[in-house]
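The block underneath contains the structure these notes are about, expressed in C-alpha cells.
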Amino acid sequence: MKVLVIGSGGREHVLAQKCSHSKLVDEVFVIPGNDAMSKVATIVSEIQESDHELIKDFVVEHEIEWVIIGPEQPLIDGLTDALEQTNAKVFGPNKAAAQLEGSKEFAKKIMEKYNIPTAEYQTITNKDEAAEYVEQCKIPIVLKKDGLAAGKGVIVALTRDEAREGIETLYETQNEKVVFEEFLDGEEYSVMTFVNNEFAVPFDCIAQDHKRAFDGDQGPNTGGMGAYCPVPHISEEVLQETNQKIAQPIADALVSEGINYFGLIYIGAILTENGPKVIEFNARFGDPEAQVLLTRLDSDFVELLEKVYKKEPITLEWKDESVVGVVLASKGYPGTYKKGYVVEGLEELDQYFVSALKKNDNGQFENNGGRVMIAIGTGDHIESAQKNAYEQVSKIKSDILFYRNDIGHKALKAQK
C-alpha cells in the first residue's frame, strides 16, 4: 500500500520511518516533508500542509490508502474532513474532535462535565479583569492561551510578577481568551493513546518530556527540549489508574458528546498527591515524545493502525532498551532566533530526526526554525542511553545550536 504523512518536523520524520519499515507498505510520501527525510520517503515539498485541495488531489491521484496527519494545525483546520471525500483512511481526528487540543476551554469543560481529574480553572476574556485576578489569586498560577500556540502559549507563573508579565505576553489585545489554572505539583509524564471512538488503547510505555529551555528545568517553556522512555519511576499501577480515570473516560466522553474521534490522544499527565491529573490533551503525537517512543516500538506501526481502524485487540511490542532524545535548538528559541547557519555532522550520527533543516545551494544543511533536530541514543538502561545520546550530540558542528545537558536526569535521580 501507499502511505502519506502530513507535516515537516521530527515527529513526521519518525512516522515516515516507521511506515517505511512496515511490511504492509510499498511507498511512503511526505507533504511537505524536509530534506532530511529523503532516505525514508518521497518528499513532496511543492504542496503545503495547509493546501487541503492539493493534498486531496494528491491522495486520489496516487491512490493513497493511509494518510497520517502529524501536526496540530491541519487537524484544527479540518484536513481530515476534506479527505473524507477520498477513499483513504485518515489517522487524525476531524475538525470537531480536534478541538480537544485547539481549545483549552473546550477540553476543560469536557473534563469538568465528565469528572476527569484536572486542575481547577477559570477562563478570563478581558485583560483588565485578568490583571485584577492575578493580584488576588493563589500563586503559583498557570496561564494558557486558549488556542494553538506551538507549545509556547503556556506560562507557569511562580511569582505574582511573573503572572503580571504573563498577562502582558498572552493578551496581545484587550480581549483574548486565556485559561488560568491551579498549579499542580508532581511528576509529569506523557501517555499516547490510540482512539477509535469508545475503543481506547493507551501505550503501555510512557515518555517524559523536558519542557523548559535550560538545564535544571530553568528558563521559558518550549515545545520540548528532549524526552526519554521508558519512565522507570512511574509505576504500572499509575499507568493503569491513568487509563481508568483519564484515557478511557475521555474517549467515552467524546462519544457521549456526539463527537467522532479517530486518531491519537496525547495525555499530558501529572502524578499529584491525589493521583494522576490532566495537564493538557493533544490531538496527535507529542514531539519530541513520538521520536523516542516510536524508536522503541517494535510493532509494525501500520499494522497497528489497521487494528485500531477495525477495533481489533492490540498488543504493543517494545524493544528491550531505553531511548533518550536530545533536542538541538536555534539559540534564542523559544524567542527570536536566526536562520541560515550551517549545521554539519549529521552523517556521523547513528539515529536522528530533523524538524528544521534545509539544504542550501551547496548541499549543506542550514537551520530553518526553532527546534532543529533531535539526536537519539539507545542503551540497556537510561544511563547508557543518555550517554549514547550525548555522544551523538557531540558529533554535530554548528555555531547556532544549543541543547540541554540533563535530558533523562529525573529517571537517574529516581533510581539512586
inquiry  = Residues that are surrounded by fewer than 21 Cβ atoms within 10 Å (Cβ to Cβ), at positive phi and of a type in the set (A, V, I, L, M, F, W, C): does the stretch 172-192 have at least one?
reply    = no
query = Would you pick out the residues in the stretch 8-47 that are within 14 Å of G369 (Cβ to Cβ) and among the acidic types (D, E)?
reply = E12, D35
key: Looking only at the stretch 355-389, and only at residues there that are small (G, A, S) and outside any strand (DSSP E or B), the one that is modelled with the lowest pLDDT   = G363
message = I'd like the full set of residues that are crowded, with 22+ Cβ neighbours inside 10 Å and either free of Cβ contacts under 8 Å to residues at least 12 places away in the same chain or not in a strand (DSSP E or B) (or both), limited to the stretch 204-229.
response = H210, T222, G224, M225
task = Return the total of residues in the stretch 276-289 being more than 19 Å from N196 (Cα to Cα) and in contact with a Lys or Arg (Cβ under 7 Å, 6 or more places away or on another chain).
result = 2
ask   = Using beta carbons and a limit of 8 Å, which pairs, at least six apart or on different chains, have the first residue in the stretch 390-416 and on the phi < 0 side of the Ramachandran plot and at pLDDT 95 or above and the second one part of a loop (DSSP other than H, G, I, E, B) and among the charged types (D, E, K, R)?
value = Q392/D350; I400/K331; I400/K338; L401/K331; F402/K331
task = Taking only the stretch 75-96 into account, find how many residues are within 17 Å of the chain's Cα centre (by Cα) and either more than 22 Å from V302 (Cα to Cα) or at pLDDT below 95 (or both).
result = 1
remark   = Cβ pairs under 6 Å, 6+ apart or interchain, first in the stretch 76-90 and closer than 20 Å to I265 by Cα, second assigned to a loop (DSSP other than H, G, I, E, B), ordered by first then second residue, are I76/A98; G78/K95; T80/G92; T80/N94; D81/N94; D81/K95
key: Residue in the stretch 373-391 that is over 28 Å from V231 (Cα atoms) and of a type in the set (V, I, T) present   = no
ask   = So which of N367, N405 is polar (S, T, N, Q), farther than 17 Å from A207 by Cβ, touching a Phe, Trp or Tyr at 6+ places or on another chain (Cβ under 8 Å) and surrounded by 16 or more Cβ atoms within 10 Å (Cβ to Cβ)?
value = N367
key: the stretch 393-402, residues that are surrounded by 13 or more Cβ atoms within 10 Å (Cβ to Cβ), in a loop (DSSP other than H, G, I, E, B) and of a type outside the set (D, E, K, R)   = I396, S398, I400
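Residue-by-condition table, conditions (1) farther than 28 Å from P334 by Cβ; (2) out of contact with any Phe, Trp or Tyr (no Cβ under 8 Å at 6 or more places or on another chain):
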| residue | (1), (2) |
| --- | --- |
| F214 | no, yes |
| Q240 | yes, yes |
| A247 | yes, yes |
| T272 | no, yes |
| I279 | no, yes |
| N282 | no, no |
ask   = Got a number for residues in the stretch 110-138 being more than 19 Å from I270 (Cα to Cα) and not small (G, A, S)?
value = 16
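The values are calculated or read from the model by the stated rules, or taken from the named source; none is laboratory data. Values in this document were obtained by computation on a predicted structure and should not be read as measured data. Here the Cβ is made from the backbone with ideal geometry for all residues, glycine too, and neighbour counts use every protein chain on show.
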